[in-house]
Amino acid sequence: MADRVTVIGWDGSPLTEAARAALGAATLVAGAAHHLALPEVPPGAERIRLGSVALAARRIAAHRGTAVVLADGDPGFFGVVRTLRAPEFGLEVEVVPAVSSVAAAFARAAMPWDDALVVVAHPRTLRRAVNVCRAHTKVAVLTAPGAGPAELGLLLDGVHRTFVICEELGTDREQVSVVTSDKAADHSWRDPNVVIVIGGRAGAAEDGGWIAGRDPATTPRGWTLPADAYDGDLGEGETEQLRAAQLARLGPRVGDLVWDIGCGSGAFATEAARAGAAVLAVDRDLDACARTDAAARRHGVQLQVVHGTAPQVLEDLPEPDVVRVGGGGAAVVSAVADRRPQRIVTHAGTRDAAELIGRDLTEHGYHVQCALLQSVELDTRAWTETERSVAFLLTGVLADRTP
């Protein structure tokens, strides 16, 4: 096992005295090609071109001597430290940090970033990173080959964002470009790069906040809002209690893409967006689309409204994680199930309709739950009934998809 492992972050600035001392004593040095070309790397040290960090960690663990791992930015922030500290390697690690590439990117853009979300995009997580960019107004994306600015721009089709693309930060080839998201695919971008994605209607308070990322204090308490929050313009099947049950069953979260089919007033779509998810709100009625857009504006959330008739309009929409079907009945639910979202929630007015939907979901491989929900609104001044609603709430859960 290596006697000592020092991880040195490098941001293009001169190495600190501590970093120089550790590097000068190293008998093994791991890093990217531009790290291994640094003049401070001892000529007699064994060199490992850093590709798979796990493979490098195994070689370091078998090395008898002093090892140094060089990494861009802060190696403890979405960096190599996590892998090197894994128990199976048994390495004792010391870290000499540097400015993270995210901090450097925001510095180049002269922007604060305490209100930004930070995501990692590689081919496996690209879709979820794009969903975060859909739902939030300031996101830093740490990219990878095959999941860079061009791919981000292509998957953000229909959503206008501004990209600040920082290529090869800290090197002589550093370049910062500002393009709109629809133009990002027209260029070839050098790795490594960081993309700052900004835009949308809502923004952070000018005086900053108390927590990094999204300030929860900007969101009203409660999963659902009363009817008067939507100017009282709620349709059938949009009661507060039913919406709360639907949200509880779907559990929309950051990184998800939610379809709300038959969005009506936009109440459910707005509340799913308040949870941090990206939302596509679909309706065949132009007035419903306008109401949904107005509700999103009023409550300061990001969502995309799609005008069209389901199920036909669904064919060109990006892959959903969870879906609420507020209108269209069994045919729309069946078309949604063909797309294999992890969860589907809908409601029916009669038991026969509920059984028809439930059987179809079962045939698609979903585990189906159904509950009869009855709610009664009371005027607490006189304790008299003001409104009564009854609905069958159906949920389909796909067991073979990761939640």
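The values are calculated or read from the model by the stated rules, or taken from the named source; none is laboratory data. Nothing here was measured: the structure is a model prediction, and the numbers come from that model. Methodologically, a virtual Cβ is constructed for each residue, glycine included, from the backbone with ideal geometry; neighbour enumeration extends over all protein chains shown. Heavy atoms of the whole protein, side chains included, go into the accessibility calculation; ligands, DNA and RNA do not. Shrake-Rupley method; radii C 1.70, N 1.55, O 1.52, S 1.80 Å.
Could you order peptides 47-57, 295-305 by the average number of other Cβ atoms within 10 Å of their residues, highest first?
Result, highest mean Cβ count within 10 Å first: 295-305, 47-57.
Springs between alpha-carbon atoms under 10 Å, Gaussian network over the chain: tell me which of G79, G255, G327 tops the mean-square fluctuations.
Among G79, G255, G327, the largest GNM mean-square fluctuation belongs to G79.
If all Cα-Cα distances of segment 220-295 are sorted into 10 Å bins from 0 onward, what percent lands in each bin, rounded to whole numbers?
Cα pair-distance distribution for segment 220-295, in percent: 21, 58, 21, 0.
When the Cα centres of segment 156-191 and segment 40-84 are compared, how far apart do they sit, in Å?
Their Cα centres are 29 Å away from one another.
With charges only on Cβ, +1 for K and R and -1 for D and E, what is the dipole size of segment 15-169 about its Cα centre, in debye, rounded to 20?
440
Could you size up the charge dipole of segment 251-403 around its Cα centre, putting +1 on the beta carbon of Lys and Arg and -1 on that of Asp and Glu, and report it in debye to the nearest 20?
That gives a dipole near 340 debye.
Working with all protein chains in place, sort E385, E40 by solvent-accessible area computed with a 1.4 Å probe, largest first.
E385, E40
Between H63, F89, L156, whose Cα lies farthest towards the positive end of the dipole of the chain when Lys and Arg beta carbons carry +1 and Asp and Glu beta carbons carry -1, centred on the Cα centre?
Projecting each Cα onto the dipole axis, the largest value belongs to H63.
Could you work out Rg/(2.2 N^0.38 Å) for segment 75-231, with Rg from alpha carbons only?
1.18
From the C-alpha coordinates alone, can you work out the Kirkwood hydrodynamic radius of segment 76-153, in Å?
After inverting the pairwise mean of 1/r, the radius is 14.2 Å.
Under a Cβ-only charge scheme (Lys and Arg +1, Asp and Glu -1), can you give me the dipole magnitude of the chain about the Cα centre, in debye to the nearest 20?
Using Cβ point charges on Lys, Arg, Asp and Glu, the chain gives about 1060 debye.
Just to confirm the filter: which trypsin sites (Lys or Arg not before Pro) across segment 350-389 are DSSP coil and have at most 10 other Cβ within 10 angstrom of their Cβ?
Loop-located and lightly packed - R381.
Could you rank the peptides 148-158, 12-22 by their average count of other C-beta atoms within 10 Å per residue, with the highest value first?
Highest-to-lowest ranking by the protection proxy: 148-158, 12-22.
Name the residue farthest towards the positive end of the dipole of the chain from the options A371, A19, I165, assuming +1 on Cβ of Lys and Arg, -1 on Cβ of Asp and Glu, about the Cα centre.
So the residue we want is A19.
Based on the Cβ-Cβ distance from E355 to R20, what FRET efficiency comes out when R0 is 56 Å, to the nearest 0.05?
Calculated value: 0.15.
Using all alpha carbons of segment 23-92, what is the percent of pairwise distances in each 10 Å bin, ordered from the shortest bin to the longest?
21, 56, 22, 0
Give me the 1.4 Å probe accessible area per residue for segment 128-230, excluding ligands and nucleic acids, in Å².
50
Counting only Cα atoms, I'd like the Rg/Rh figure for segment 1-153, Kirkwood definition for Rh.
In segment 1-153, Rg relative to Rh is 1.01.
Viscosity 1.567 mPa s, temperature 4 °C: Stokes-Einstein D of segment 262-403 from its Kirkwood Cα radius, in µm² per second?
Result for D is 80 µm²/s.
I need to check one value: relative contact order of the chain, counting alpha carbon pairs closer than 8 Å and at least 6 residues apart, in percent.
11
If you average the alpha carbon positions of segment 87-127 and of segment 285-360, how far apart do those two centres end up, in angstrom?
Cα centres, segment 87-127 to segment 285-360: 36 Å.
Work out how far the C-alpha atoms of segment 309-379 reach from end to end along every principal axis, then list the three figures in whole Å, largest first.
Over segment 309-379, Cα extents along the principal axes are 45, 27, 19 Å.
Around L70, which amide H atoms from residues at least 5 apart in sequence, or from another chain, sit under 5 Å from its own amide H, with H modelled in the peptide plane?
Amide H to amide H, under 5 Å and 5 or more residues apart or across chains, L70 pairs with I8, A30, G31.
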